[in-house]
Amino acid sequence: MSSTHEHEVEVAGVRHSFRVQGRQVPALDRIDLTIQPGELVTLAGPSGCGKTTLLRLVAGFMQPSEGAVRVGTRPVRGPGIERGVVFQQPTLFPWLSVQRNVELGPRLRGRSKQERAETAHRYLELVGLSDVAGHRPYELSGGMQQRAQIARVLANDPEIVLMDEPFGALDALTRERLQNELLEIWRATGKTILFITHSVDEAVFLGSRVLVMSPRPGRIVLDEPAVFGTPGHLVPPEEIRALPDYVDLRERVRVAIQQREPAAGGAPA
Amino acid sequence: MLNQGARRAVLHATSLLGFLLLWWLVTHFELVRPLFLRGPGEVWDAFVRANTDHPISAGSDRMVRGEQNYYLWEHLLASLQRIAIGVGGGIVVGVPLGLVMGTTWLGTLLEPYLNFLRSLPPLAYIGLLIVWFGIGDTSKIWLLFLAAFPPITMATISGVRGVRDDQVNAVLSLGASRRQALTTVMLPATLPEVLTGIRVAVGFAWTTVVAAEIANGIPGIGGLAYLAGQQLQTALVLACILVIGLSAIALDLGLKSLEKALVPWRGKA
Ligand SMILES: Nc1ncnc2c1ncn2[C@@H]1O[C@H](COP(=O)(O)OP(=O)(O)O)[C@@H](O)[C@H]1O
Ligand SMILES: [Mg+2]
């Protein structure tokens, strides 16, 4: 992949600060990152380090204070159909049924009713929600809402999927199921995925490449390939988690997350 | 054991009977002078008389229609019609205005004027409207329009400003144009507040129309109540008051159930 691919994500020299009560508070220090098409990049870091900020910059919800975000060669100026976003809070529309939520993307592009219904059915089945297609989102549990949101994004067939701690609020069992589902979807579709998590285990288990961000202002302090979720690695999850390589990488990620810059004021550790 | 609904119904029925009994006792034993308060039976008679053709005076065979040549329900309908036109205009103007004010700098510019208009009791400017539009229906409808559109506009503004950014971001990421984002997200997300605004406006318009009909308000339920008072027909005044109050409650209940039907997600998402 020497030439710039059409859907390569490039974050170049990005800094970002928020204005809080008249003061500029830095959230991202200096991020340089290129995500190749087909990568499943997991991004871990302590809460408040700027993970969401980075994702929102890539999504085009805001512009960086400094630097640039590009997809292919085009600078990101706003949200775009090629970048699907799975929000931390399931952002479904309560005035639409679950199915109508899932077929919203195709509907906006003027697809026929029948085509939309077929697409919706396919993705609702994929996430195991076929039987609640006619329900309203608020009639579903949090985990089901999150799955519906994922189905809505996938039904729109974006080349790049940005996911912000999508499984963060789920119970352990559902979470594990969805992790496996996500890996299967990724293997089947070859989509580019940026997956944010605060769980070390999740980052290492899912990623084809694992990033770790430092505490605020966020910088990328670890960037390593991981192979545990990649195709060909069809070992059952329990066995993967017992592999020495897995345990080893998980430890390195854990240490990287806990590492603190020496505090500016010299506060004792 | 009765269920809760039945117990409440019994409670309300008992208190209503108690009230009627007290009213009947007070008037039957003339604890209050009949000029000031008539009994339930006489009020009912006045109500029936006002809804039928009856002799102009006892023994005469010249028949008249209801009161002031209109049946009571026609008086009521006339007032309701004024409200419908006034509030209808308020919706047609208030909702688009609120959308524009909620999304652009026009909001900051125009909000003080809107607040000023809203804080005026409408009867304060009826004199001016009579000078402009005459004593007839036109000035009353303008009055109701001016009473109705500020609360509707304000509610729309607060609805628009309350739309979660991420709901808009979500639909833009699905590939929506700005116009599609407006129709598929902004409008439905604002609907609950708009409906509340309409309910407030109808209540406000109702009190306003009844008061405004003091001047040249026949047909009109407020006009009839005022005229009956001038002619010392206490029973008819009381009948009008009951009709005015019950209509207001019925209107509000009707709008409430409309809200329930149109925004079943209210308070749930
Ligand atoms: N809209 C905002 N306004 C002000 N500060 C913000 C805003 N969004 C995020 N921040 C701050 O930026 C830092 C990074 O936030 P965020 O990207 O949400 O972290 P993470 O997702 O890693 O938990 C935090 O300190 C947060 O308080
Ligand atoms: Mg976050």
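Since every read-out is calculated from the coordinates, none of them should be taken as a lab result. Everything numeric here is computed off the predicted structure, so don't read it as measured data. Ideal geometry is used to build each Cβ from the backbone, glycine not excepted, and the neighbour counts take in all protein chains shown.
Structural remarks
- Here the contact order of region B:4-100, divided by its residue count and restricted to Cα pairs under 8 Å and six or more residues apart, works out to 13 percent.
- Mean ellipticity per residue at 222 nm, deg cm²/dmol - from DSSP H runs of n ≥ 4 across the protein assembly as shown, formula -39500 (n - 2.57): -17000 deg cm²/dmol
- Gaussian network model of chain A, springs between alpha carbon atoms under 10 Å - residue of A:R252, A:R19, A:R74 with greatest fluctuation: A:R19
- The protection proxy used here, the mean number of other Cβ atoms lying within 10 Å of each residue, ranks peptides A:30-36, B:235-241, B:18-24 as follows, highest first: B:235-241, A:30-36, B:18-24.
- Debye, to nearest 20: dipole size of region A:149-198, +1 on Lys, Arg Cβ, -1 on Asp, Glu Cβ: 80 debye
- Partners for B:K268 among lysines (Cα-Cα distance below 23 Å; same-chain residues under 8 apart left out): B:K256, B:K260
- Furthest towards positive pole of dipole, B:P122, B:G89, B:H12, structure part region B:1-131, Cβ charges: B:H12
- Here's the picture: charge each Lys and Arg Cβ at +1 and each Asp and Glu Cβ at -1 in region A:31-83, and of A:G38, A:A59, A:G72 the one pushed furthest to the positive end of that dipole is A:A59.
- Taking label positions 7 Å along the Cα-Cβ direction at both B:Q81 and B:L35, the computed distance is 3.7 nm, reported to one decimal.
- Per-residue mean of foreign Cβ neighbours for B:186-193 is 1 (Cβ atoms of other chains, 10 Å radius).
- Cα gyration tensor shape for region B:15-76, rounded if a/c is under 1.5, else prolate or oblate: prolate
- Averaged over B:174-180, number of beta-carbon atoms from partner chains that fall within 10 Å: 6
- Comparing A:P75, A:P37, A:P137 in a Gaussian network model of chain A, where Cα atoms under 10 Å apart are tied by springs, the biggest mean-square fluctuation is seen for A:P75.
- Highest average packing first - B:149-155, B:37-43, Cβ atoms within 10 Å: B:149-155, B:37-43
- Using the Cβ-Cβ distance between B:T52 and B:R118 with R0 = 41 Å, the FRET efficiency computed as 1/(1 + (r/R0)^6) comes to roughly 0.45.
- Net lengthening on full extension, A:D32/A:R254 (0.36 nm per residue, minus Cα-Cα): 77.7 nm
- Temperature 4 °C, viscosity 1.567 mPa s: under these conditions the Stokes-Einstein estimate for chain B, based on its Kirkwood radius over C-alpha pairs, is 60 µm² per second.
- For chain B, the longest principal axis of the alpha carbon atoms and the long axis of helix B:72-103 meet at an angle near 20°.
- Note on chain A: GNM, Cα springs under 10 Å; of A:G22, A:G110, A:G168, the largest mean-square fluctuation is that of A:G22.
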